[in-house]
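Here is the structure we will look at, set down as structure tokens.
Quick note: the coordinates plus some simple rules give every number you see, no bench work behind them. Keep in mind the model is a prediction, meaning the values are calculated, not measured. Please note: Cβ atoms are built from the backbone with ideal geometry, for glycine as well, and neighbour counts cover all protein chains shown.
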Amino acid sequence: MKTTIFITAIVALFAGMIFSIDWTPKTEAQDPFETELDKVNQIQARMLQSIPIPELQTSSERRNVAKRAEIFNNEEKISYIYLVNYGNIMAFYTVKGKVSSLQSYMSPLEQMVDYRGRRCDSTWSNSCGSTSAYIVSAPDVDGTYGENVEGIFFFTTEGAYVEWKGDYMMSDQPLKLTVNPILVREVK
């Protein structure tokens, strides 16, 4: 008897709670940030309709990048580099081949290993079997780890190796300087 009264009281309590809830939707003020985003999205939708992306038949940018690659991917190419620092031309060199980034590498910077440190294959899929794989630094071709500083390097027409961390200007034709470079290399 007590159990029946207790269950009836629980059901009445839940029924009272359900019927006392106001199920009508509330019209709360929208967050000003959301209002601004909605307006931006509406404007963007209008812009996409009124100004569609053009269907280009060619690309001057791609043509320029391809031409640069063809010109400078030549080990015998002679170019001229002007190293600049604090607005002054510090040095001028003739370059044989290409100016390269100090952050160019011959091998990947990272590798996948399993939980024991064993290297997984190079497919970057789940090649470690059912174990978890981790991405870690990979050794460079000389067996060392780490990153090179930002900058460039090149070889002069005389075969000298030059590194530079700073601004530079390069041309495939010599430019006329109005001032002499501050650093001058003496060839003996």
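Which of the peptides 50-59, 36-45 is most tightly packed, and how do the rest follow, judged by the mean count of other Cβ atoms within 10 Å per residue?
On the way: 50-59: 7.1, 36-45: 10.2.
For the peptides 50-59, 36-45, the packing ranking is 36-45, 50-59.
Can you compute the modelled spin-label distance between Ile43 and Arg68, with each label point 7 Å from Cα toward Cβ, in nm?
Taking the two extended label points, one gets 3.3 nm.
Taking the Cβ of Gln42 as the centre, find all other residues whose Cβ is under 13 Å away and add up their charges (Lys, Arg: +1; Asp, Glu: -1).
It works out to a net charge of -1.
For Leu102, what residues show an amide H to amide H distance below 5 Å, using hydrogens built from the backbone and excluding near sequence neighbours?
Here the answer is Gly151, Ile152, Phe153, since their amide H atoms fall under 5 Å of that of Leu102.
Taking other Cβ within 10 Å of each residue's Cβ, how do Asp31, Asp167 sort, fewest first?
Sorted ascending by nearby Cβ count, the order is Asp31, Asp167.
Using θ = phi - 60° and the Karplus form 6.51 cos²θ - 1.76 cosθ + 1.60, what ³J(HN,Hα) does each residue of segment 104-111 get, whole Hz, x for Gly and Pro?
With coefficients 6.51, -1.76 and 1.60, one gets 8, 10, 8, 9, x, 7, 9, 9 Hz.
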